[in-house]
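Read the structure below first, then the notes.
Please treat every number below as a calculation from the coordinates, not as lab data. Values in this document were obtained by computation on a predicted structure and should not be read as measured data. Here Cβ is always computed from backbone atoms with ideal geometry, including for glycine, and neighbour counts include all displayed protein chains.
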Amino acid sequence: MHFPRRKFLQTSALFLLGACGAQTTSSNQPQPSPSNKITFWTMQLKPTFDAYMAEAIAAFTKQNPGTQVEWVDVPWGDMESKILSTIAANNIPDVVNLNPQFAAKLAEKKALLDMQTRLTPAEIEQYFPNIWKANQLGSVTFGLPWYVATDVTIYNRDLFQKAGIDPARPPKTYDELAKAAEQIKAKTGKYAFMLTMDGSQVLESMVQMGMNLLTADGKAGFNDAAGKAAFNYWVSLFQKQLIPREILNEGHRKAIELYQAGELAVLLTGPQFLKVVAQNAPDIAKVSDVSAQIVGSTGKKSAAVMNIVVPAGAKNVDLGVKFALFITNSENQLNFSKVENSLPSTVKSAADPYFTSLSDKASTTDKARTISASQLAQSEVLIPPAKDLDKLRKIIYEELQLAMLDRKNADTAVASAAERWNQLG
């Protein structure tokens, strides 16, 4: 299972790696007519979700006699090309699991159904409002939110103690984290943390610090005091050698490696990576604890969202919408979350004791689940779908790196990034 904003290991929020395959409902079902059959494509959910999907599809067909759902699981890296080829061949699936960034590109071409016009207010209200917005482009809502991830702070208690930081009071903000970085480096010679530029982690942190990416008319909104302060934050840490130099060219895999080697005190990531640490570095796992996601002055928390879309050119739009609503309803999302370490996008699911209660013997993983779920109401996709988003991220990172390497001062780099972006328009 992948999350869109992460390319961590290209296990970016990788919960699992599965094979491509297909699954259909029982042959004992009445043979459906073409108008009662839909095809549902997902991204890398096999084999972990085989049993869950079979049960969900069986429940849907029981509620809708005479219907049939064909489930096709597609490898993460193949989804975009396969969807584009089916659109070209006019043979597109009826329901598709995508991420908001790619779905937004299809929505720009009016290739996806506007779900806002197909749902009742009560149906819309079942989803967290901020998570619902992740699938909006202008006035169009191009998908329904499905499973979600919110980052947590995994930290090494031993390194905190050696640095004179109370492990019971880990940093909560980027300002506190910067101060901790100085203390940790001075007392232990280790680094406090490492965010990466292979995806959106660093950019998201700057948004959390108050940087406004775009104005209402799509121009650069970051050439102001908040944008300059966010640039200066990273430039200062880098030039003081308080973050690893690998931030310039390494991905999330490197951050995990450094944390597992005891060279990094804090890992800002999804809670599922606790399992990775436990498997690869059991001694580090034993001294690891977890706390809420680090925030900036805005208090915003980041979320990664996967969605369910219904293509406008699907053969069975009405049944597709019905199935999309069914697979993302509260009961099904709760069941889905229990199979693997993900979060639901519905308010009712997240209120279940599975996400809200901890026993006295709760593991660090259980603690991480409740912390990440408690963040859902305040979490959002900090870099919302926008035209040429990849180009904007590339421009900002290029200019930020020039400032970090002292080839430009931070303020000049911000102005240059804004100018380059505005020239594209």
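Averaging the sequence gap over all C-alpha pairs within less than 8 Å and six or more residues apart, then dividing by the number of residues, gives the chain a relative contact order of 24 percent.
I'm spelling it out carefully: the read-out is Rg and Dmax of the Cα atoms in Å, the candidates are [x] 22.2, 71; [y] 20.9, 67; [z] 50.2, 158, and one was derived from this structure. Which label? Identified label for the calculated read-out: [x]. Rounded to the nearest 5, what % of the DSSP beta bridges within the chain are antiparallel ones? In the chain, DSSP labels about 65 percent of beta bridges as antiparallel.
For the stretch 323-384, trypsin sites (Lys or Arg not before Pro) meeting the loop criterion (DSSP other than H, G, I, E, B) and having at most 13 other Cβ atoms within 10 Å: Lys361.
Each Cα pair under 8 Å and six or more residues apart adds its separation to the average, and for the stretch 183-249 the resulting relative contact order is 35 percent. Shape class of the stretch 304-425 from the Cα gyration tensor (axes a ≥ b ≥ c, square roots of the eigenvalues): oblate, since a/c reaches 1.5 or more and a/b does not exceed b/c. Per residue of the chain, the DSSP helices (runs of n ≥ 4 H) give a summed -39500 (n - 2.57) that works out to -12000 deg cm²/dmol at 222 nm.
GNM on the chain, alpha-carbon springs under 10 angstrom: the most fluctuating residue among Gln126, Gln241, Gln63 is Gln63. Given the options Phe49, Phe231, Phe323, state which has the largest fluctuation in a GNM of the chain using a 10 Å cut-off (strictly under) for Cα springs. Comparing Phe49, Phe231, Phe323 in the GNM, the peak value goes to Phe49.
In a Gaussian network model over the chain where Cα atoms closer than 10 Å are linked, find which of Val381, Val207, Val347 has the largest mean-square fluctuation. Sorting by GNM fluctuation, first place goes to Val347.
Quick one: length gained pulling Arg253 to Lys348 fully straight, 0.36 nm per residue minus the C-alpha distance?
On the way: separation 95, 0.36 × 95 = 34.20 nm, distance 3.42 nm.
The Arg253-Lys348 span can extend by a further 30.8 nm.
Arrange the peptides 135-143, 98-106 so that the one whose residues have, on average, the most other Cβ atoms within 10 Å appears first. All intermediate terms of the calculation are to be shown ahead of the outcome.
Details: 135-143: 21.2, 98-106: 22.8.
Order by mean packing, descending: 98-106, 135-143.
Take every pair of alpha-carbon atoms less than 8 Å apart whose residues are at least six positions apart; their mean separation over the length of the stretch 97-189 yields a relative contact order of 23 percent. Distance between the pseudo-spin-label points of Ala386 and Asp283 (7 Å out from Cα toward the beta carbon): 4.6 nm.
For the chain, the longest principal axis of the C-alpha atoms and the axis of helix 317-327 are separated by about 50°. Between Glu70 and Ile38, Thr39, Phe40, the built amide H atoms are under 5 Å apart, and every one of these is 5 or more places off in sequence or on another chain.
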